[in-house]
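Chemist: To start, I am sharing the structure in question, which I have written as structure tokens.
Derivation of every value follows stated rules applied to the coordinates shown; laboratory data play no part. Just so it is clear, the structure is predicted and the values come from calculations on it, not from any experiment. With ideal geometry, Cβ positions are generated from the backbone for all residues, glycine too; neighbour counts draw on all protein chains shown.
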Amino acid sequence: MTTKIFLKPGRDRSALRRHPWIFEGAIQKIEGAKRPGEVVEIIDAKGRWLARGTFSPRSQIAVRLLSWDPSEAIDPAFFRSRVRQAVLGRDLIRPPIGSSARRLIHAEADGLPGTIVDQYGNYLVCQFLTAGAERWQEPLVAELKSQLSPTGIYERSDVTVRQKEGLHPVSGPIEGSEPPGLLEIEEGPCRFAVDVRNGHKTGFYLDQRDNRARVRDYAASADVLDCFSYTGGFAVSALVAGASKVTCVDVSSDALELVKYNAGLNHIAEDRLETIRGDVFNTLRSLRDSGKEFDVVVLDPPKFAETKNQLERAARGYKDINLFAMKNIRTGGVLFTFSCSGAMDPLLFQKVVAGAAQDAGRQVQILGRLNQPADHPVALSFPEGHYLKGLLCRVW
Ligand code: SAH
């Protein structure tokens with residue numbers, strides 16, 4: 001018998017709106033076994049069937065909902081069909097992505113909570129982040145194999161969020177051959193080496209692809225500062241598009257080594273790239289003190305707020321870096337500023353940047369609003385999936 005989860009009175013609204021999460025606090029009682037990843041039925045306080053999903057006994061998000069159709073079984077065929085739809089959706093993106101790397105499965109947005117799959121050429125890299133994703137990975141991997149015939153499928157489920165699910169970190173090959181130490185991808189006119197085994201996320205920030213193209217529009221002959229550069233996604237884009245000089249700042253020396261390697265892959269003369277290993281907050285201050293100014297500054301920090309509770313502190317961090325970045329920009333130069341904290345909504349982010357402009361004493365215009373690309377879609381029923389936002393600003 002499948003496990004039944006009964007909700008408290010009045011706690012059925014989010015499931016009715018097809019939001020895919022049931023929080024522990026909404027649950028009145030559970031009838032049946034409490035096995036990780038197993039399929040459970042959600043019943044409202046009046047005894048009506050609402051939805052079906054997978055159970056995470058250790059997480060505050062107790063259930064990830066998968067189906068609102070009582071006649072739809074959650075079985076291997078279900079997962080295989082979700083994978084087919086996700087891949088079809090990527091193939092239908094117009095204009096095409098113009099890259100040999102793309103996100104194939106974007107978790108909740110593709111009806112597969114907890115599952116991330118990125119394609120890097122002939123290799124696929126997966127993350128299974130919830131008990132349900134872990135339990136049902138076999139049919140999912142089988143369908144990926146039949147849809148894409150990859151050379152290899154590699155797992156990078158070595159992320160801390162899995163602890164919330166009581167899952168251990170896992171990484172290694174799942175299918176086929178192991179990817180090389182550095183995999184090469186093409187993105188527009190650029191080439192990048194990606195370390196899918198040790199890099200952040202699945203190796204590369206695919207979510208900034210469209211925004212790297214926007215940076216290329218502003219890069220010709222520009223003096224560019226790429227803060228939180230990681231392996232140089234923005235830096236190399238700017239150099240390929242004709243920036244006269246790019247300065248990268250990151251705390252990670254491994255990341256900066258890969259920036260140099262990536263610049264070399266694109267035949268960039270060494271003297272056009274400078275790397276500074278250091279903290280962005282301090283480096284922006286010292287650049288300012290030395291009187292250095294830039295035409296284009298990119299600020300793409302890591303997630304400052306994991307949850308709403310950390311928003312206030314995060315807002316101060318975003319304000320500081322934006323304030324100092326603005327002080328380092330030549331009159332009429334541009335700032336690309338981002339936040340990938342899902343907890344910070346676009347309007348709040350804009351207010352923080354406005355506060356920074358005021359304190360920097362600069363007049364700032366928004367030229368464009370920046371987002372995650374089409375292969376990182378957002379389900380209307382799961383607006384939290386819109387995590388990456390940014391502003392393209394002109395600074396006078
Ligand atoms: N812009 C990159 C992705 C940035 S990821 C791209 O498009 O590929 C965030 C980066 O910030 C990581 O490389 C991390 O090492 C670096 N980082 C985190 N905190 C930092 C700090 N205080 N100062 C400098 N770098 C930092």
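Chemist: If you stretched the chain out fully between Lys303 and Asp271, how much longer would it get, using 0.36 nm times the residue separation minus the C-alpha to C-alpha distance?
Modeler: This chain segment gains 8.4 nm when fully extended.
Chemist: For the stretch 137-230, what's the relative contact order in percent, using C-alpha pairs closer than 8 Å and at least 6 residues apart?
Modeler: Contact order relative to length: 18 percent.
Chemist: Counting only the backbone N, which residues of the stretch 373-396 are under 18 Å from the spot 7 Å out from the Cα of Asp345 toward its beta-carbon?
Modeler: Residues 378-391 fall inside that zone.
Chemist: For the stretch 1-113, what is one quarter of the convex hull surface built on the Cα atoms, given in nm²?
Modeler: Spelled out: convex hull of the Cα atoms, projected over all directions, averaged, 8.2 nm².
Chemist: Please report how far the C-alpha centroid of the stretch 110-137 lies from that of the stretch 157-221, rounded to the nearest whole angstrom.
Modeler: So the separation of the two Cα centres works out to 14 Å.
Chemist: Only four residue types carry charge here, +1 at the Cβ of Lys and Arg and -1 at the Cβ of Asp and Glu. Report the dipole size of the stretch 117-245 about the Cα centre in Debye, rounded to the nearest 20.
Modeler: About 220 debye.
Chemist: Give, in whole angstrom and from largest to smallest, the semi-axes √(5λ) of the equivalent ellipsoid of the stretch 125-263, with λ running over the eigenvalues of the Cα gyration tensor.
Modeler: In descending order, the three semi-axes are 32, 17, 13 Å.
Chemist: Here is a follow-up. Kyte-Doolittle mean at least 0.5 and Cα extent at least 20 Å along the axis: which DSSP H helices of the chain qualify?
Modeler: 346-360
Chemist: For Gln28 and Ser71, FRET efficiency with R0 = 35 Å and r from the beta-carbon atoms, rounded to 0.05?
Modeler: So, using R0 = 35 Å, E works out to roughly 0.85.
Chemist: Considering only Gln350, Val395, Ala315, whose Cα is most displaced toward the positive end of the charge dipole of the stretch 283-396, charges sitting on Cβ of Lys, Arg (+1) and Asp, Glu (-1)?
Modeler: Final value for the positive-end residue is Val395.
Chemist: Could you give P(r) for the stretch 237-352, binned at 10 Å from zero, as whole percent values over all Cα-Cα pairs?
Modeler: Bins of 10 Å from zero give 12, 39, 35, 13, 1 percent of pairs.
Chemist: What's the Kirkwood radius of the stretch 97-164 in Å, using all Cα pairs?
Modeler: 12.3 Å
Chemist: Once amide H atoms are built 1.01 Å from N in the peptide plane, which residues 5 or more positions from Val251, or in another chain, come under 5 Å H to H?
Modeler: Excluding prolines and chain starts, which carry no amide H, the hits are Gly278.
Chemist: Need the full-extension length gain, Ser81 to Met1, defined as separation in residues times 0.36 nm minus the C-alpha distance. One decimal, nm.
Modeler: Separation in residues times 0.36 nm, less the Cα-Cα distance, equals 26.3 nm.
Chemist: When the label point is put 7 Å from the Cα of Asp289 along its Cα-to-beta-carbon vector, which residues of the stretch 313-329 have a backbone N closer than 19 Å?
Modeler: Answer for this model: 320-329.
Chemist: Listed highest first by mean packing, meaning other Cβ atoms within 10 Å per residue, what order do 246-256, 179-189, 218-228 come in?
Modeler: So the order, starting with the most tightly packed, is 218-228, 246-256, 179-189.
Chemist: Before anything else, pin down the relative contact order of the chain: Cα pairs under 8 Å, at least 6 apart, normalised by residue count, whole percent.
Modeler: 11 percent
Chemist: What is the stretch 1-111's relative contact order, in percent, from Cα pairs under 8 angstrom and six or more apart in sequence?
Modeler: 23 percent
Chemist: Which of the lysines could be linked to Lys145 by a straight reach, that is with a Cα gap under 20 Å, when you skip same-chain ones fewer than 8 residues away?
Modeler: Qualifying lysines at Cα under 20 Å: none.
Chemist: Give me the net charge for the shell around Ser221: Cβ to Cβ below 11 angstrom, other residues only, Lys and Arg +1, Asp and Glu -1.
Modeler: -1
Chemist: Report, in whole Å, the centroid distance computed from the Cα atoms of the stretch 234-263 and the stretch 22-48.
Modeler: Result: 49 Å between the Cα centres.
Chemist: Another question, if that's okay. Which is farthest toward the positive dipole end of the chain among Thr337, Ser149, Val117, measuring Cα position about the Cα centre, with Cβ charges +1 (Lys, Arg) and -1 (Asp, Glu)?
Modeler: Thr337
Chemist: Do any GluC sites (Glu not before Pro) in the stretch 246-312 lie in a DSSP loop with no more than 16 other beta carbon atoms within 10 Å, and if so, which?
Modeler: Passing both the DSSP loop test and the Cβ count: Glu293, Glu306.
Chemist: Which Rg and Dmax, in Å, describe the Cα atoms of the chain?
Modeler: According to the Cα coordinates of the chain, Rg and Dmax are 22.5, 71 Å.
Chemist: Subtracting the Cα-Cα distance from 0.36 nm times the residue separation, let me have the gained length for Val170 to Phe281 in nm, one decimal.
Modeler: Taking Val170 through Phe281 to full extension adds about 36.6 nm, to one decimal.
Chemist: Pick from Pro57, Pro70, Pro113 the residue whose mean-square fluctuation is largest in a GNM of the chain, springs joining Cα atoms under 10 Å.
Modeler: The residue that fluctuates most here is Pro70.
Chemist: Which entries of Lys4/Lys308; Lys292/Lys319; Lys164/Lys351; Lys164/Lys319; Lys8/Lys308; Lys164/Lys201 have Cα-Cα distances beyond 22 Å here?
Modeler: Beyond 22 Å between Cα atoms: Lys4/Lys308; Lys164/Lys351; Lys164/Lys319; Lys8/Lys308.
Chemist: Only four residue types carry charge here, +1 at the Cβ of Lys and Arg and -1 at the Cβ of Asp and Glu. Report the dipole size of the chain about the Cα centre in Debye, rounded to the nearest 20.
Modeler: Roughly 1260 debye for the chain.
Chemist: Could you please report the charge total around Gly89, scoring K, R as +1 and D, E as -1 over all other residues with beta-carbon less than 13 angstrom from its beta-carbon?
Modeler: +3
Chemist: Less than 11 Å Cβ to Cβ from Trp396, Lys/Arg counted +1 and Asp/Glu -1: what total charge do the surrounding residues give?
Modeler: Local net charge: +3.
Chemist: So for the chain, taking the charge dipole from beta-carbon charges (+1 Lys/Arg, -1 Asp/Glu), which of Ile366, Leu50, Ala325 sits furthest toward the positive end?
Modeler: Going by the Cα projections, it comes out as Leu50.
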